[in-house]
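The values are calculated or read from the model by the stated rules, or taken from the named source; none is laboratory data. In this text, all values refer to a predicted model and were calculated from it rather than measured experimentally. All Cβ positions, even for glycine, are placed from backbone atoms using ideal geometry, and neighbour counts span all protein chains on display. Ligands, DNA and RNA are excluded from the accessible area calculation, which covers all protein heavy atoms including side chains. Shrake-Rupley method; radii C 1.70, N 1.55, O 1.52, S 1.80 Å.
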Amino acid sequence: MAPVLAPWQAGREMACCLYLGALVGALRAVGPRKGRGAFLPDMALVGMLLLFLQSYAAGYSDAGNLRWYMVAAGFLGALVAHGLLAPVTARFWRLIFWPGWAMARLVGQRALRPALDRLRARRAARRAAKTAKTAAETQKKSLPKEEHLLYNSNV
């Protein structure tokens, strides 16, 4: 059975786990915040947090094993650190990448959009020609056939 800890020992372990969670949350704040691109960093960093907490519990904890309050403190630390640092890092990435995004938007508007418009017009013309050709062929095929009526003499 695991030893019972004094309140000050449990508090120290919670503080250490809170610190480990804050480290992981600060690392998570650098990545994307939401969307499809945030799934893999979220899963990797949850695994890393659990690995850190288990390593701490096995090596340095007075209890010798991972307890629920350690996990709660770790996730609380990660949540708080991410909540505080994510808006700052998002603003930083926007400022860093803004000139590149502005240049890409300008190139897209000036060079790529006219080319794409020409491709769309050409595709629409091909579709219209194919539709007209198909309509012309179906009109030719829909002529009625003259068949001889057979008289049934058994009636």
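Assorted remarks:
- Filtered residues of segment 86-104 (kept if of a type outside the set (Gly, Ala, Ser) and either farther than 29 Å from Tyr19 by Cβ or open to solvent by 70 Å² or more (accessible area, probe 1.4 Å) (or both)): Val88, Arg91, Phe92, Trp93, Arg94, Leu95, Ile96, Phe97, Trp98, Pro99, Trp101, Met103
- Qualifying residue in segment 135-142 (condition: in a helix (DSSP H, G or I), in contact (Cβ under 8 Å) with a residue 60 or more places away in the chain and polar (S, T, N, Q)): no
- Selection status of Arg113, surrounded by 11 or more Cβ atoms within 10 Å (Cβ to Cβ), among the charged types (D, E, K, R) and out of contact with any strand residue (DSSP E or B) (no Cβ under 9 Å at 6 or more places or on another chain): yes
- Restricted to segment 1-53, and to residues there that are outside any helix (DSSP H, G or I) and in contact (Cβ under 8 Å) with a residue 60 or more places away in the chain, the residue that is most open to solvent (accessible area, probe 1.4 Å) is Pro3.
- Any hit, segment 61-75, residues being in a loop (DSSP other than H, G, I, E, B), open to solvent by 80 Å² or more (accessible area, probe 1.4 Å), in contact (Cβ under 8 Å) with a residue 40 or more places away in the chain and over 25 Å from Arg91 (Cβ atoms): no
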